[in-house]
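Heads up, the thing below is written out as structure tokens.
The values are calculated or read from the model by the stated rules, or taken from the named source; none is laboratory data. Remember, predicted model here, so these are calculated numbers, not experimental data. Counting neighbours? That spans all protein chains shown, and the Cβs are built from the backbone with ideal geometry, glycine included.
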Amino acid sequence: MAEAVVRAFVLAALLAPGAQAFAKEAAPAAQDPALEQRVMAIAGELRCLVCQNQTIADSNADLAADLRNQVREKVRAGQSDRQIIDFMVERYGDFVLYRPPFKATTMLLWLGPLLLLAAGLAILFRRLARPRVKSDEPTADERERARRLLAGNESGEG
């Protein structure tokens, strides 16, 4: 009985108006599996401009799907991988590359982590090399004052 109610509820939810708005269609696949593999390899080199931390091969964003379709069309048109990637870079800039090239405009991007690591190590070594003063050991003036107090001079002066 309960199973029939659950089935009816699921069926009603699927047939309800607007339920299809939540469902996405499967990504169109090429007729040729080798062609689709090439499309996905190229898409794996391009950054999703919406997600930014995913490739367009991994992203479910609408823009990523559009970019995959553009790549698919260019592959079908017989363009080389380099031509397709160059087209995307020309259109969207180096940012579209998941691994941007090493050049003057991206130097900080590539060297930034190394510079931060070097600065951190320099600070660490500097702190470790600095002589430490023990806070619990009395200074010479404090020892003299303590000696006078113990000798009977209550004020500790003179």
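Within region 120-133, none of the residues are surrounded by 12 or more Cβ atoms within 10 Å (Cβ to Cβ) and free of Cβ contacts under 8 Å to residues at least 60 places away in the same chain. Among the residues of region 42-57, the ones that are loosely packed, with under 15 Cβ neighbours inside 10 Å and within 16 Å of ARG91 (Cα to Cα) come to 1 in all.
Among the numbered conditions (1) part of a helix (DSSP H, G or I); (2) modelled with pLDDT under 90, the only one that LEU67 does not meet is (2). Restrict the check to region 110-131 and report whether at least one residue is basic (Lys, Arg), assigned to a loop (DSSP other than H, G, I, E, B) and over 22 Å from MET40 (Cβ atoms). Scanning region 110-131 turns up at least one residue that is basic (Lys, Arg), assigned to a loop (DSSP other than H, G, I, E, B) and over 22 Å from MET40 (Cβ atoms). Residues of region 73-107 that are outside any loop (DSSP other than H, G, I, E, B), under 23 Å from the mean Cα position of the chain (by Cα) and either among the small types (Gly, Ala, Ser) or exposed (fewer than 10 other Cβ atoms within 10 Å of the Cβ) (or both): ALA104 alone.
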